[in-house]
Structure formats: C-alpha cells, structure tokens
Amino acid sequence: MARPKNVKYIFVTGGVISSLGKGILSASLGMLLKSRGLRVAIQKYDPYINVDPGTMSPYQHGEVYVTDDGAETDLDLGHYERFLDESTSQTSNLTMGRVYKSVIDKERSGDYLGATVQVVPHVIDEIKDRMAEQARNGNLDVLITEIGGTIGDIESLPFLEAMRELKLEMGDGNLVNIHLTFVPYIKSASELKTKPTQHSVKMLLGVGIQPDILVCRSEKLLSREIKNKVGHFCNLNEFDVIGLNDCETIYEVPLTLLQEKLDLRVLKKLGLKGFKEPSLDYWREFCNKVKFPKDGEVTIGICGKYTEYPDAYKSILESFIHAGASNNVKVTVKLLKAEDAESATFDLAKELQGINGILVAPGFGDRGIEGKIKYIEYARVQNIPFFGICLGMQCASIEFARNVCGMQEANSTEFNKRARFAVIDLMEHQKKVKEKGGSMRLGSYPCIITEGSKAYAAYQKFLVNERHRHRYEFNNDYRKNFEENGMIFSGTSPNGELVEIIELKDHRWFVAVQFHPELKSRVQKAHSLFHGFVAAAKEYARGAHQLDLTVDMPSFVPLYSDPAP
Ligand code: GLN
C-alpha cells in the first residue's frame, strides 16, 4: 500500500519496566507539536492477541476507552484525546490479534494463494499497510505510534520489525524512535544508575534499532554528566538524552519536555523547519489551577467494584481533575468498595463522613450491586449530590423502583433474568446477540435535553452527543410510574425511545446518565456534567451541611446474594 509522501513518523517504545508513562509521553509530545502548528495524530499498537481490549477485565487492562465511532480501545487513547483535544477513531488502536486475524482471513479467502504465510513478510506487511492507511486518512504532518509493552517482550517483536523496515525504506529524516527508559536512584549510593537503560538500548540494538532519542524517567533531575554518560554508552549526543523527572500532575509533563527541548530535537531529526514557538499559557494556567486552587477542596466518593485498581476508572479520575480546575477547587477522591456496604454491620454514615458528593461508577456483572444501591439510597435520602454513570444510572433506577415506587423486587435482567419488575432490560436487538466482542451499544449517539432540568443547566444545550458502552437500557414500561413518583427523564434519544438521563426533582443534584461523559472531558473543556456535579458538591461543602439525622434510613435487605464473579 502506498505511503503518503509528506507524513513523518515517530515511534515511542518503552524499556526497563512497564508503567513509565509512554502514553503520557506520546500525548505530551503530540500536544507540543500540535501547538507549534503541526497536524498530529497518535495511535497505539498493542502486542496482545485480543482483537480489542473490550473483552478484557478491568483488572487486566484498566478502563476500556470508547471512541466516537464505537471502537473499544486502550486507555492511552483517553490521554491522547485529553492532551491533543482531537478525537481518535477505530483505526487509532491496533492489536496484534487484529493483525493476525486479518492475515488469517486473507489466507482463507485465497489472497496469498500459493505462498507459505509467515510473520516475515506477511504479518509485517500487514502492520506497515495499516500504518500507511492511518497516515493517509489523517491529513497529517506527523503520526505518533506508541508501541505497548516493554522491549524484550516476545510478542511485540513484529511491531519492532515493522518499524525497523519502515525506517530503512523511508530513509533518514522521516522516522524517529523515542525510547522511554527508567534511571533509578539508589539511595545508599546517592546515585542515579544508568545500567538498566544501557541494557535496554542493547536489546533494541539486538533487533536492529538504534534509538534516536532517549527519554529517561527518574526521581531526580538528570545532570549533564549523566546525560553525557548515557549518550556515550548508547551512541547518542547528550542533547538527545532527555530527562523526565516525576511531576506533581501528569499535565506538567509537556512543560517539562518543552524545557528539555524534546520537541525541538524531534523537529530537527525530522527536518521540519519554520514551526512557531508553542504558546502554552492556557496549559500553564490549567496546571496552576490544579496545583493551587483558590476555592478550597471537595471530596468525592466513587463507588465501584474495582477500587483496588484505579486505572479501571482512569477517565473518571481525569474528569475530576478537569472539573476541579474549572471550579477552582481541589477534588480529592475516595474510592468506596461497593461490596463492603453489603454487610449488615457496615456503617455507611461513617464511611461517608466528609464526602461532598457520591458517584456510582460503570461496571458489569452483579458483584457489588446491592452495595451500590445502598450508597444511592443514602445519597437520595440525605440529599447528597449524586452522579450515576451507566451502571450507576441503572442502579439508581433499581433503587428508585424499590424504595420509592414500592417495587421491592425490581432489578436489571443482567442480575436476575426473571426479575419481577425488570426496570432495566436488554434492548430487543441485543436479545439476539451471541458474540461478546464489539457487540454492545457502542460509540456516540445524540441525546435531547429537557429545558429547565439540571442536565440543561449543566449543558446549556438541547442537543448533545455522548459515547455509550452497554447492553441494557431503561425499560419504558416503568416510565410513567417513575414520573408519577418524582423522577424526571431529562435526556432521551431523539425519537424519545431510549432513556439517557434521569434526575430527581426535589434533590440538590441527583443526575444519572446511561452514557459515559468521562470519555469526553478535556483539559480545555471540563465535561459540563462533571463541572455541574463538582459545583453542586462545592456548594454542599460550603453550606456547612449537616446530615439530616432525623431522616430514617430504611433497613437494608439484600434481595439477591449471588456469589461474586
Ligand atoms: N452492565 C451494564 C450494561 O451492559 C452497564 C455497562 C456500563 O456501566 N458500561 O448495560
């Protein structure tokens, strides 16, 4: 497949250990180049065999990030969108599973007739074709590709070989490899140690790749001497050894990299001239608001079942940073494990002491559902700002049905197929779906907002587009009953058929949504609903609220105690 002539390529690989922040590095560099006036796209190549991460547990993979066009992707795409303020798409995340699937499909349909199908050249060519396709589609100057995993992993070798071949084919000045490594500080020796970086580069050299730039993550600032030493052992000029010490917030990483002149080194190596200095005043202002908010602090409780692993709620956590800055407050998050609240002796009031707002998170399966419902009941009865997202909205509907509408046996058919009052149920077309991968209601859908509602107050618009990832929906058979009891359906699909937002009339701020607003919050524009929720929590915190202890909490009786999956 022909490659567009003018697109330049940047590859970001990682060495020594995982979790060094290749995603943040890619997003930060993309943001710097974009603010210099270049047209940039970022994509992620993941070495695993899953066709996409949609079928993986959040414990394995963290959050699944959904694009407008309905791709279930790696959470790093969230960083790309938030830093670059550009939407990613189906082609922005390629897994080795998708590459192999495509090669095997082609083999079965006879495309390679006569050939022995092999990793070299067929799998490598498939990767290069995908790369060319992505470069052609984007109207781009620069395509940044982050390669998942750590150098030395067997499974990422085909991606590295594709990069090696591409560099050879394109010649000098068209492709740079940035290798992110770790330079540990050894306290007892009071020294930064460069050996792991040297080994990592040797491993890259072993597959035929000389990195063009090293970015060294470290606890302490890299001195010129250390940069010189690293450069000496890794065949690099000291100016191509970039120091990246730990920042207080990930949003400061682009500013550190700017100081270290990473963007200038990249432009020089790619022969790109005449691009203006980036003006990052708004970005600096944002970082200042994150670090030194003027209006104090609010504490938000996030209730979910993956609380030991915050990456499962990555975009929600980032959205709170954006909404904290837009409200000029520090948002402290406390993760609340849903199942804990299911024990009869659990003291909910104690757990929620000092909490100014409760968010019930998305999720799948019945583990922790009764605990979530208990938190929602508490927020509703005690008039505490509440925000439900996807499963959080479904649980809010179950809670309302049981405790306000008197339907004690209300549930979602996801948790009880024979629920007497199935207030949350499968959509008709979902009933026929057999395949698990990529078969949910996915991607962006329009939603009409009711004037005068809290949702309208937040959005200030009648029509919004939000991203979805779920199979179940609110069951319209119960709409009338809910409305008669004080529930407002403040957002629906344009034909009115699908409930997208519910809220309570007589409550400080009780809004729950079927979609995922966290996927669209950006640095420059905190999501309207997160902004509104944090504003309500701020007001609640300011009002020196007292919980109304005269309100009786009904005693909690779990209806279903299925074993946790
Ligand atoms: N499990 C629910 C469904 O599939 C909610 C999904 C979610 O929270 N993303 O409808």
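Just a few scattered comments:
- Verdict on Ser319 being over 22 Å from Asn475 (Cα atoms), hydroxyl-bearing (Ser, Thr, Tyr), in contact (Cβ under 8 Å) with a residue 12 or more places away in the chain and not in a loop (DSSP other than H, G, I, E, B): yes
- Gln460 away from the ligand (no atom under 16 Å from the Cβ) and at positive phi: yes
- Pairs, first of a type in the set (D, E, K, R) in region 130-148, second crowded, with 17+ Cβ neighbours inside 10 Å and at pLDDT 85 or above, C-beta under 6 Å, six or more apart: Arg130/Leu94; Asp141/Leu38; Glu146/Val12; Glu146/Lys22; Glu146/Ser26; Glu146/Lys44
- Ile321 away from the ligand (no atom under 16 Å from the Cβ), buried (at least 17 other Cβ atoms within 10 Å of the Cβ), under 18 Å from Ile376 (Cα atoms) and of a type outside the set (Gly, Ala, Ser): no
- Among the residues of region 445-462, those identified as in contact with a helix residue (DSSP H, G or I) (Cβ under 9 Å, 6 or more places away or on another chain) and open to solvent by 40 Å² or more (accessible area, probe 1.4 Å) are Thr450, Lys454, Ala457, Gln460, Lys461, Phe462.
- Note on region 373-391: among residues that are out of contact with any Lys or Arg (no Cβ under 8 Å at 6 or more places or on another chain) and in a helix (DSSP H, G or I), the one that is farthest from the ligand (Cβ to nearest atom) is Val381.
- Ser397 vs. criteria under 30 Å from Gly543 (Cα atoms), touching a Ser or Thr at 6+ places or on another chain (Cβ under 9 Å) and of a type in the set (S, T, N, Q): yes
- Some residue of region 169-184 being open to solvent by 30 Å² or more (accessible area, probe 1.4 Å), in contact (Cβ under 8 Å) with a residue 24 or more places away in the chain and part of a helix (DSSP H, G or I): yes
- Top-ranked residue in region 401-421 [being away from the ligand (no atom under 13 Å from the Cβ) and part of a strand (DSSP E or B); ranked as farthest from Lys374 (Cα to Cα)]: Phe421
- For Thr116: the one exception among (1) free of Cβ contacts under 8 Å to residues at least 40 places away in the same chain; (2) part of a helix (DSSP H, G or I); (3) more than 21 Å from Val266 (Cα to Cα): (2)
- Matching residues, region 352-372, being away from the ligand (no atom under 16 Å from the Cβ) and out of contact with any Gly (no Cβ under 8 Å at 6 or more places or on another chain): Gln353, Gly354, Asn356
- Candidate set from region 483-511 (those that are in a loop (DSSP other than H, G, I, E, B) and closer than 24 Å to Lys417 by Cα); member that is farthest from the chain's Cα centre (by Cα): Glu497
- Filter pass, Lys480 being more than 16 Å from the ligand (Cβ to nearest atom), surrounded by 21 or more Cβ atoms within 10 Å (Cβ to Cβ) and not small (Gly, Ala, Ser): no
- Flag if Ser343 is among the hydroxyl-bearing types (Ser, Thr, Tyr), crowded, with 20+ Cβ neighbours inside 10 Å and either over 23 Å from His527 (Cα atoms) or within 16 Å of the ligand (Cβ to nearest atom) (or both): no
- Number of residues in region 27-48 that are touching a Gly at 6+ places or on another chain (Cβ under 8 Å) and either more than 14 Å from Leu143 (Cα to Cα) or hydrophobic (A, V, I, L, M, F, W, C) (or both): the value is 6.
- Odd one out for Cys395, checked against (1) out of contact with any strand residue (DSSP E or B) (no Cβ under 9 Å at 6 or more places or on another chain); (2) within 16 Å of the ligand (Cβ to nearest atom): (1)
- Top-ranked residue of region 425-439 - restricted to ones that are open to solvent by 30 Å² or more (accessible area, probe 1.4 Å) and not charged (D, E, K, R), ranked as modelled with the highest pLDDT: Leu426
- Considering region 119-140, and only residues there that are open to solvent by 30 Å² or more (accessible area, probe 1.4 Å) and either polar (S, T, N, Q) or not in a helix (DSSP H, G or I) (or both), the residue that is modelled with the highest pLDDT turns out to be Asn139.
- Residue satisfying condition, being hydrophobic (A, V, I, L, M, F, W, C), open to solvent by less than 70 Å² (accessible area, probe 1.4 Å), assigned to a loop (DSSP other than H, G, I, E, B) and within 25 Å of Ser19 (Cα to Cα), within set Leu258, Leu222: Leu222
- Filter result (more than 16 Å from the ligand (Cβ to nearest atom) and outside any strand (DSSP E or B)) within region 324-340: Gly324, Ala325, Ser326, Asn327, Asn328, Val329, Glu339, Asp340
- Residues that are surrounded by fewer than 13 Cβ atoms within 10 Å (Cβ to Cβ) and part of a loop (DSSP other than H, G, I, E, B), drawn from region 261-294: Gly271, Lys273, Gly274, Lys276, Glu277, Ser279, Phe292, Lys294
- Asn475 being open to solvent by 10 Å² or more (accessible area, probe 1.4 Å) and away from the ligand (no atom under 16 Å from the Cβ): no
- Any hit, region 95-110, residues being closer than 22 Å to Asp311 by Cα, surrounded by 21 or more Cβ atoms within 10 Å (Cβ to Cβ) and touching a helix residue (DSSP H, G or I) at 6+ places or on another chain (Cβ under 8 Å): yes
- Close contacts from region 8-20, counting a first residue that is in a loop (DSSP other than H, G, I, E, B) and a second that is among the charged types (D, E, K, R), with Cβ to Cβ under 6 Å and a gap of 6+ residues or different chains, come to Leu20/Arg217.
The values are calculated or read from the model by the stated rules, or taken from the named source; none is laboratory data. This is a predicted model, so every value here is computed, not measured. Cβ coordinates were reconstructed from backbone atoms using ideal geometry, including for glycine residues, and neighbour counts include every protein chain displayed. Accessible surface is based on the protein model in full, side chains and every heavy atom, while ligands, DNA and RNA are left aside. Shrake-Rupley method; radii C 1.70, N 1.55, O 1.52, S 1.80 Å.
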